[in-house]
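> Submitted below is the structure of interest, expressed as C-alpha cells.
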Amino acid sequence: MANSPFFPATASLADAHWQLAQINIGHAIAPLDDPRMAGFTSQLDALNALAEASPGFIWRLQDDSGNATNIQTGTDPLRLVNMSVWASLESLQAYVYSGPHLASLKQRRDWFARSEGPALALWWVPAGHRPTLAEGEAALARLQQSGPGRAAFTFARPWPSPERVPA
C-alpha cells in the first residue's frame, strides 16, 4: 500500500463503521462461450469461492447463477462487471494480489482489452450497505474526472475511511 498523508503505510484502513466497496470492469475480447475465453471462464467459480472464503470478504454482486457475468451495465454484452465489499483495503489486497487470483490477474490481457479509462474504483460505504451498479459506475466516473480522492480511489492511491480523515 502506498503511503498517504493521513496515516503510515502500516496503519489499518478498516474500522467498524465503514467497509470498502470495489468495482472493476473489463471488456472481454470475445463472448464468454468463445474458446478464447475458456481460460477465464474455467477459473471463475473457483476464484469466486476463494474470494468468499477470504478473510474480510463481505459481499459480491451476483445473479441467480452465482456470477456477475450475466449482469449488464450497458448495451455492450462484452462489458463485464465485478463488484464486492470487503472489511478493509488490506483484506481486498490480500485476495487480489496473491495465489490463484494473482495468477489470473497476470493473464487478464489474454481475455480483456486494455481499458481507456479507469477499470477499477474503490470507495468507502457505511457498514452493511450493498452498493448498486449505479454507485459503482459513479465511482468510476468520479475517478476518471477527478483522480483518486475521498469519493473514489485506487490501490496505488488509497484513501482512509471517513472516520480516519482528520477534521
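The values are calculated or read from the model by the stated rules, or taken from the named source; none is laboratory data. Just so we're clear, the structure is a prediction, and the values are computed from it rather than from any experiment. All Cβ positions, even for glycine, are placed from backbone atoms using ideal geometry, and neighbour counts span all protein chains on display.
> So in the stretch 118-159, with the set limited to residues that are more than 14 Å from LEU92 (Cα to Cα) and in contact with a Leu (Cβ under 6 Å, 6 or more places away or on another chain), which one is surrounded by the most Cβ atoms within 10 Å (Cβ to Cβ)?
Ranking the qualifying residues of the stretch 118-159, first place goes to ALA152.
> While we're here: Scanning the stretch 148-167 for residues that are at pLDDT below 95 and outside any loop (DSSP other than H, G, I, E, B), which turns out nearest to the chain's Cα centre (by Cα)?
PRO162
> I want to confirm something. Restricting to the stretch 95-147 and keeping residues that are among the β-branched types (Val, Ile, Thr) and not in a loop (DSSP other than H, G, I, E, B), which single residue is farthest from the chain's Cα centre (by Cα)?
We begin by selecting, within the stretch 95-147, every residue among the β-branched types (Val, Ile, Thr); these are 96, 125, 132.
Subsequent filtering for residues that are not in a loop (DSSP other than H, G, I, E, B) retains 96, 125.
Details: VAL96: 9, VAL125: 13 Å.
If we take residues in the stretch 95-147 being among the β-branched types (Val, Ile, Thr) and not in a loop (DSSP other than H, G, I, E, B), then VAL125 is farthest from the chain's Cα centre (by Cα).
> For residues that are surrounded by fewer than 20 Cβ atoms within 10 Å (Cβ to Cβ) and either part of a helix (DSSP H, G or I) or free of Cβ contacts under 8 Å to residues at least 24 places away in the same chain (or both), scanning just the stretch 82-94, find the one that is nearest to the chain's Cα centre (by Cα). Break it down stepwise before answering.
Of all residues in the stretch 82-94, those surrounded by fewer than 20 Cβ atoms within 10 Å (Cβ to Cβ) come to 88, 90, 93-94.
From what's left, either part of a helix (DSSP H, G or I) or free of Cβ contacts under 8 Å to residues at least 24 places away in the same chain (or both): 90, 93-94.
On the way: GLU90: 13, GLN93: 10, ALA94: 13 Å.
My answer is GLN93.
> Of everything in the stretch 58-81, what is closer than 28 Å to PRO160 by Cβ, in contact (Cβ under 8 Å) with a residue 40 or more places away in the chain and out of contact with any helix residue (DSSP H, G or I) (no Cβ under 8 Å at 6 or more places or on another chain)? Give them in sequence order.
Matches in the stretch 58-81: TRP59 only.
> Here is a follow-up. Starting from residues that are of a type in the set (D, E, K, R) and under 18 Å from THR132 (Cβ atoms), keep the ones in the stretch 31-63 and report whichever is farthest from the chain's Cα centre (by Cα). Even if it seems obvious, please write down each step before you answer.
From the stretch 31-63, those of a type in the set (D, E, K, R) are 33-34, 36, 45, 52, 60, 63; that's our starting set.
Applying the additional criterion that residues be under 18 Å from THR132 (Cβ atoms) yields 60, 63.
Working: ARG60: 9, ASP63: 17 Å.
Residue satisfying both the conditions and the ranking: ASP63.
> Now a separate question. Looking at SER98, SER115 in this structure, which one is free of Cβ contacts under 8 Å to residues at least 40 places away in the same chain and surrounded by fewer than 16 Cβ atoms within 10 Å (Cβ to Cβ)? Lay out the reasoning, then the answer.
Details: SER115 fails: free of Cβ contacts under 8 Å to residues at least 40 places away in the same chain.
Being free of Cβ contacts under 8 Å to residues at least 40 places away in the same chain and surrounded by fewer than 16 Cβ atoms within 10 Å (Cβ to Cβ) holds for just one of SER98, SER115, which is SER98.
> Among the residues of the stretch 129-157, what is the count of those that are touching a residue at least 40 places away in the same chain (Cβ under 8 Å) and either closer than 26 Å to GLN62 by Cβ or among the charged types (D, E, K, R) (or both)? Step through it out loud before you land on a result.
Taking the stretch 129-157 as the starting set, the residues that turn out to be touching a residue at least 40 places away in the same chain (Cβ under 8 Å) are 129-131, 133, 135-137, 139-140, 155-157.
Next, only the ones that are either closer than 26 Å to GLN62 by Cβ or among the charged types (D, E, K, R) (or both) stay: 129-131, 133, 135-137, 139-140, 155, 157.
Result for the stretch 129-157: 11.
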